[in-house]
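The values are calculated or read from the model by the stated rules, or taken from the named source; none is laboratory data. Note that the structure is predicted; figures quoted are calculated from it, not measured. Virtual Cβ from ideal backbone geometry, glycine too; neighbours counted across all protein chains shown. We work out accessible area using only protein heavy atoms, side chains counted, and drop any ligands, DNA or RNA first. Shrake-Rupley method; radii C 1.70, N 1.55, O 1.52, S 1.80 Å.
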Amino acid sequence: MSASYDVIVLGSGPGGYVAAIRCAQLGLKTAIVERENLGGICLNWGCIPTKAMLRSAEIYHYMQHAGDYGLVAKGIEADLGAIVKRSRGVAKQLNQGIGHLMKKNKVTVHMGEGTLTAATSLTVKGEKGEESLTAKHIIVATGARARDLPFAPADGKRVWTYRHAMTPSELPEKLLVIGSGAIGIEFASFYNDLGVDVTVVEMLDRIVPAEDADVSTFLEKSLKKQGITFLTGAGVEDMKVSENGITATIKDKSGKAAPQDFTHVIVAIGIVPNTENIGLDGLTEMERGFIQIDPYGRTKTKGLWAIGDCTPGPWLAHKASHEGVTAAEAIAQELGNTNVHPHPLDRNAIPGCTYCHPQVASVGLTEARAKAAGLEIKVGSFPFIGNGKAIALGEAEGFIKTIFDAKTGELLGAHMVGAEVTELIQGYTVGKVLETTEAELMQTVFPHPTLSEMMHESVLDAYGRAIHF
């Protein structure tokens, strides 16, 4: 069988399916090729199901502290099987939703393994046999997978990747998490909330190292108080896996190596792009396996585009979706649509979120990066303890920090740690895209009582005008 399209999208994750929908909206005959599940890793094995699990852990945490809210709750237990079942149900519901969106937008779905045969053609091997597809443009959106430890590859029993950690057959007694980025910290927080003894190893000198240093310090102190052990400036040198557990040789910051025993380990040391064995050899420029693109998603080969986690970072679902829209509109423009005006991605305006307890969210430059760039800055900060809504919620832990260019008033960055900050950060993200200065933010009326008032106060504090602290 063979078919021809204006655009074929290889991969249906948050970048791929969004790109396909936008192409279809622009009147392009579009197909999507997926080898496993519509929605990709994010929807089926990442962003969404992990948030369902974290929500269960959060509620369990609150129930254990019911007395703090004047309530009585006795005999509280966590049912791991039920938590996993709920998480998988959420993922299944959204997977079916993507299928509906494909039909609604008249995107043809080809299920199977896609392999490029040229920049604008590919084959799909699936249950129906082999199909040959051609298109004027192809968007590669094949995503990435978890990176294995070379000396202890994941086995799903004792050594877990994020996929195994989302469908555990048993609750670990003593868990080692290697890596303290968003994935590692979220799983550490989840399992700690369920009563697991958790140790996190991070080779850099602080946890969540991509975040502002003040956020890292605060989060580590908070999670330590909750019972998590952190070994920073440390690394796992070797690991012996047996039927009953794991012995990990951990070298600390002083250079001393010693064995420690655990029942399970989650490896969260980064990702590997899914770019091998899909026909890319010789077609485009690659670096460490990642496809090199321009700000619109073009590769160096005409007709071949790439978006999402198979391209340079940050490796975030919302970045992939935004790239999908940009690439779709750039393709439509190349095909003669004069009504679209794609905008290149501004990497300094991509928010990042970590859904541990307390949450972390940020956008733009950290204080250290702003200073390293030689900028003269003004920094403001406001604590949750100074906010009435936070106190009423029983969530008075955290702070909001803002960084401005002292000469122009440009909002350079915002960094938050505390309850629901993953919902608050978009206010600052919109501000950055609109090129907001401190003046507009100061003059904005924030509703009371809300957590968002802290955003206002942090801006005021940068200029010596904070009211409530």
- Query: Got a sec? Which of Ala390, Ala368, Ala406, Ala396 is among the small types (Gly, Ala, Ser) and either closer than 28 Å to Lys319 by Cβ or open to solvent by 50 Å² or more (accessible area, probe 1.4 Å) (or both)?
  - Reply: Ala368
- Query: Restricting the range 86-129 to residues that are assigned to a loop (DSSP other than H, G, I, E, B) and at pLDDT 95 or above, which is most open to solvent (accessible area, probe 1.4 Å)?
  - Reply: Lys106
- Message: With the structure loaded, tell me whether Lys378 is open to solvent by 10 Å² or more (accessible area, probe 1.4 Å), in contact with a Phe, Trp or Tyr (Cβ under 8 Å, 6 or more places away or on another chain), basic (Lys, Arg) and in contact (Cβ under 8 Å) with a residue 12 or more places away in the chain or whether it fails that test.
- Response: yes
- Item | Filtered residues of the range 32-43 (kept if in contact with a helix residue (DSSP H, G or I) (Cβ under 9 Å, 6 or more places away or on another chain) and surrounded by fewer than 23 Cβ atoms within 10 Å (Cβ to Cβ)) | Glu36, Asn37
- Item | Checklist (1) modelled with pLDDT under 95; (2) of a type outside the set (Lys, Arg); (3) under 25 Å from His61 (Cα atoms) applied to Gly181, failing item | (1)
- Task: For Pro49, indicate whether it is in contact with a Cys (Cβ under 8 Å, 6 or more places away or on another chain), surrounded by 23 or more Cβ atoms within 10 Å (Cβ to Cβ) and more than 21 Å from Thr123 (Cβ to Cβ).
- Result: no
- Task: Kindly check whether there is at least one residue in the range 32-47 that is of a type outside the set (A, V, I, L, M, F, W, C) and farther than 20 Å from Val140 by Cβ.
- Result: no
- Requiring at least 1 residues that are closer than 14 Å to Lys106 by Cα and touching a residue at least 60 places away in the same chain (Cβ under 8 Å), the helices (runs of 4 or more DSSP H) wholly within the range 1-85 are 16-25
- Query: When the range 382-428 is examined, which residues are found to be within 21 Å of Glu440 (Cα to Cα), outside any helix (DSSP H, G or I), of a type in the set (S, T, N, Q) and out of contact with any Ser or Thr (no Cβ under 6 Å at 6 or more places or on another chain)?
  - Reply: Thr408
- Residue hits (the range 258-274; surrounded by 14 or more Cβ atoms within 10 Å (Cβ to Cβ) and small (Gly, Ala, Ser)) are Ala268
- Task: State whether the residues of the range 3-22 include one that is among the acidic types (Asp, Glu), modelled with pLDDT of 95 or more and surrounded by fewer than 17 Cβ atoms within 10 Å (Cβ to Cβ).
- Result: no
